[in-house]
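Since the structure comes first, as structure tokens, the remarks are kept for the end.
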Amino acid sequence: MRTAVVVGAGLGGLAVAGALARSGWQVTVLERADRVRPEPTAVVLWPNGVRALHALGLGAGLDAIATALPDGGVRRPDGHWLVQPRPTPADRMPVVVHREDLHDALIAGLGDRVELRTGVAVDTVRVRPGERPAVGAGRHLVEADLVVAADGTDSAVRRQLAPEAAVVSSGSACWRAVIPWYRAPRLAADQPLGGEVLGAGYRFVAASLGERGSSGASRRGGIYWVATAAGAPRPEPPETQLALLKRWYAGWPAPVGELLDATEPADLVQQEVRELRPLPRVYGFPAGPGGVVLLGDAAHAMPPHLGQGACLAFEDAATLSSLLRESRLPDAVQAYDRLRRPRVATVVRQTRRMSAVLQARGRLALRARDAALGTINPRLLSSAASAAAQWRPPTPTP
Ligand SMILES: Cc1cc2nc3c(=O)[nH]c(=O)nc-3n(C[C@H](O)[C@H](O)[C@H](O)COP(=O)(O)OP(=O)(O)OC[C@H]3O[C@@H](n4cnc5c(N)ncnc54)[C@H](O)[C@@H]3O)c2cc1C
């Protein structure tokens, strides 16, 4: 039986571990944390991410927990529409999912061929000609036919195999929260969720997780919001961070103020936005009869402005498992590298263009941004949608 070691039990690691196990592999997942527990936030999945999950055999689980996210347009902090909401064709409509629900669905997909070991921090990787690949954690060495490095932005495996890829700050911080329905504000009919507001270096996005009063698509329903602000993360306690957010977003169009008022400090999840610059030059490293691949944020951490990080991790997992069904192991590792690098480069390029627009500060830059949003918005703002629409899971060769 073919064996795999997956380093990291995040969204990417769990997705690929389950897919390999379902195709008959014996899989060991090594996770640094003592418990596999996601943040209490949500994630937007564009159609590419949804398609990838379906290709991985997780479509039914996803459908049960996802809420459709209609286009809510883009406004300025003075309420002026930069981009009016537009009807979105069903096949280009993203969905939003609570991360804990998604984790539960991925864990349910692991089956009994996956051994999950927590509290194991991988610190080395072995890639030598003629030998099976292996990872080390302290004095322990775990060998397998395939090693999947899904250990996130600070990946120890990537640092060793692709030291050219550096983790850098993107110059902004994000705050996220899910306000459970029982204390979520009741919004007027003219204050729909789903849109975003863009200011000078600031952005606010909100979405519904399920519907108030119904059992809802998500078991952890409520209102999810994300606030992005240029600058470093704040060292103050959550109470002060929330007070700062209320000051920064004061006067922004409804429902921004109502949502911040309904948020409790314990709801807040703050994170520095970081990315890999440059990206790794290689995503697949053949080793003896097998190899090592980089997957998810370990391979391509990027700012979340297009909501594509997790979607790409699922694409990686779907591509790898499809290639492994078709080809010999070292060939599949090389094919994975060939297929994933150009795809990732395209999405990262679009994300960086979006970063420049979102982070425009200063009057001239803002005027240029607003003009750009007003005139080329369909091209620029639908870049996420087009990136999403472009990807299809690899089809087996006849
Ligand atoms: C504010 C924000 C909003 C976002 N919104 C979206 C969105 O709407 N849509 C979207 O598609 N993406 C979004 N993303 C991106 C998305 O969250 C990530 O791309 C995705 O979670 C990456 O998953 P991963 O499994 O690759 O890495 P991670 O989730 O980072 O998982 C890595 C795992 O590896 C473990 N680990 C790390 N080092 C080691 C080690 N040495 N040994 C063993 N285990 C280790 C970690 O503990 C962790 O469990 C967002 C990101 C941010 C910051």
Query raised in the report: Which of Q350, Y224, V29 sits farthest toward the positive end of the charge dipole of the chain, with +1 on the Cβ of Lys and Arg and -1 on the Cβ of Asp and Glu?
Result: Q350
Query raised in the report: Which whole-number percent gives the relative contact order of the chain, counting Cα pairs below 8 Å spaced six or more residues apart?
Result: 23
Query raised in the report: Roughly what angle does helix 329-358 make with the longest principal axis of the chain, taking Cα atoms, 0 to 90 degrees, to the nearest 10?
Result: 20
Query - Spatial separation of Cα centroids for the range 13-58 and the range 92-146, in angstrom - result: 9
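Considering only the chain, what is the antiparallel percent among its DSSP beta bridges, to the nearest 5? Before the final figure, lay out each step's value.
On the way: 46 of 66 bridges.
Around 70 percent antiparallel, to the nearest 5.
Taking the Cα centre of the range 108-227 as origin, work out the dipole magnitude from +1 charges on Lys and Arg Cβ and -1 charges on Asp and Glu Cβ, in debye rounded to 20.
Details: 15 positive and 12 negative charges, 68 e Å.
It works out to roughly 320 debye.
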Query raised in the report: By counting other Cβ atoms within 10 Å of each Cβ, how are Y182, Y224 ranked from fewest to most?
Result: Y182, Y224
**Report entry** Efficiency of FRET between E272 and R328 - r from beta-carbon atoms, R0 41 angstrom, step 0.05
**Finding:** 0.50
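Between T153 and R212, what length comes free when the chain is fully extended (0.36 nm per residue of separation minus the Cα-Cα distance, one decimal in nm)?
Numbers: separation 59, 0.36 × 59 = 21.24 nm, distance 3.52 nm.
Gain on extension, T153 to R212, equals 17.7 nm.
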**Report entry** Contour excess over end-to-end distance, with Cα ends at V167 and R117 and 0.36 nm allotted per residue
**Finding:** 15.3 nm
Report summary line: In degrees, nearest 10, the alpha-carbon axis of helix 363-381 is tilted away from the dominant principal axis of the alpha carbons of the chain by 60
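How large is the direction-averaged shadow of the alpha-carbon convex hull of the range 26-149, in nm²? Intermediate results must be reported in sequence, preceding the final value.
Details: hull surface 46.3 nm².
That works out to 11.6 nm², a quarter of the Cα hull's surface.
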Report task. Could you tell me which of rounded, prolate or oblate describes the range 1-43, using a ≥ b ≥ c as the square roots of the eigenvalues of the alpha-carbon gyration tensor, with rounded for a/c under 1.5 and, failing that, prolate when a/b is larger than b/c and oblate otherwise? Result -> oblate
Report task. Taking the Cβ of each residue in I107, I223 as the centre, tally the other Cβ atoms inside 10 Å and list the residues starting with the fewest. Result -> I107, I223
**Report entry** Cα gyration tensor, the range 274-325 - rounded (a/c under 1.5), prolate or oblate
**Finding:** oblate
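Restricting things to Cα coordinates, could you compute the convex hull volume per residue of the range 109-250 in Å³?
Spread over its residues, the Cα hull of the range 109-250 gives 203 Å³ apiece.
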Report summary line: A correct fewest-to-most ranking of F314, F285 by other Cβ atoms within 10 Å would be F285, F314
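Using the Cα centre as the reference, give the magnitude of the dipole from point charges on the C-beta atoms of the chain (Lys, Arg: +1; Asp, Glu: -1; all else neutral), rounded to the nearest 20 debye.
On the way: 47 positive and 37 negative charges, 210 e Å.
Dipole magnitude for the chain comes out near 1000 debye.
Nearest 0.05, what FRET efficiency do R353 and R128 give at R0 = 30 Å with Cβ-Cβ as r?
On the way: r = 40 Å, r/R0 = 1.35.
About 0.15, to the nearest 0.05.
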Report summary line: Helix-only [θ] at 222 nm, the chain, -39500 (n - 2.57) per DSSP H run of 4+, per residue, nearest 500, equals -10500 deg cm²/dmol
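With +1 assigned to the C-beta of every Lys and Arg and -1 to the C-beta of every Asp and Glu, and no other charges, what is the dipole magnitude of the range 191-345 about the Cα centre in debye, to the nearest 20?
Working: 16 positive and 16 negative charges, 98 e Å.
Using only the charged Cβ atoms, the result is roughly 480 debye.
Equivalent-ellipsoid semi-axes (√(5λ), Cα gyration tensor) for the chain, whole Å, largest first? Intermediate results must be reported in sequence, preceding the final value.
Numbers: eigenvalues 266, 94, 85 Å².
In descending order the semi-axes read 36, 22, 21 Å.
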Report task. Just grab the label-to-label distance for A188 and A243, each label 7 Å out from Cα along the Cβ direction, in nm (one decimal). Result -> 3.0
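A short reminder: the numbers here are calculations on the coordinates, not readings from a lab. Since the model is a prediction, treat every value here as computed from it, not as a measurement. Methodologically, a virtual Cβ is constructed for each residue, glycine included, from the backbone with ideal geometry; neighbour enumeration extends over all protein chains shown.
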